[in-house]
Every structure is written in C-alpha cells, then in structure tokens.
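What follows is a short report on a single structure.
The values are calculated or read from the model by the stated rules, or taken from the named source; none is laboratory data. Just so it is clear, the model here is predicted, and its values are computed rather than measured. Cβ placement follows ideal geometry from the backbone for every residue including glycine, while neighbour counts extend to all protein chains displayed. Please note that ligands, DNA and RNA were not included when accessible areas were found on the heavy atoms of the full protein model with its side chains. Shrake-Rupley method; radii C 1.70, N 1.55, O 1.52, S 1.80 Å.
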Amino acid sequence: MSILGGALLCGLLLSTTMVSGSFEMRTLQRELGAVAQDTQDLQMDVDSASASLHERATALGMVPAEDPVMVTLSGSAPAAQDVEGASESP
C-alpha cells in the first residue's frame, strides 16, 4: 500500500512540475515574441532614419567632406585617409 501511495505522490509531483514548466515556457515564448517584434520595429526605425539622413543633413546645410581626416590616439598629428580606407601618417 505504501508503494502505491508513493507512486501516486510521485506522479502528482511530476505532473505539477510539468504543468509549471509548461506555463513558464509559454510565458517565455510570449516574451520572446514581444522582444522580436520590438527588435523589428527598432530596425525599421533605424532603416528609415538612415534613408533620410542625407536629406536631413543637406537641409541643415551640411556638405560632404572632401578630405576626411582621422585623429590617432597614439600621436598628436592627424592621420590622412586614402581612397581605399587605409590610414597614412602625414
């Protein structure tokens, strides 16, 4: 009789644990869907902002730089950048 009672108790405990795990998994899946939707919305915002960046900069009176210069942290002199993107020290 005690073996049967122990088996029933273990079955009840296992069933309760499975239901709890299922509920937690469903909750996490909903959260994952919400985060995925937020990520997609933010990516669309970034894409639309980058598409209109040139027009907004032009409206503010900005012009493209003709000779871009990058400052290196190792020295005080700026480093010129060639067409391929490799930096050269002046």
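Brief remarks on what is shown
- Being among the hydrophobic types (A, V, I, L, M, F, W, C) and loosely packed, with under 10 Cβ neighbours inside 10 Å is a condition met by no residue of the range 37-45.
- Taking the range 51-90 as the range and being in a helix (DSSP H, G or I), modelled with pLDDT of 85 or more and either out of contact with any helix residue (DSSP H, G or I) (no Cβ under 9 Å at 6 or more places or on another chain) or open to solvent by less than 60 Å² (accessible area, probe 1.4 Å) (or both) as the test, the residues that pass are LEU53, HIS54, GLU55, ALA57, THR58, ALA59.
- Selection over the range 1-26 of residues that are assigned to a helix (DSSP H, G or I) and either touching a helix residue (DSSP H, G or I) at 6+ places or on another chain (Cβ under 6 Å) or among the hydrophobic types (A, V, I, L, M, F, W, C) (or both) gives a count of 13.
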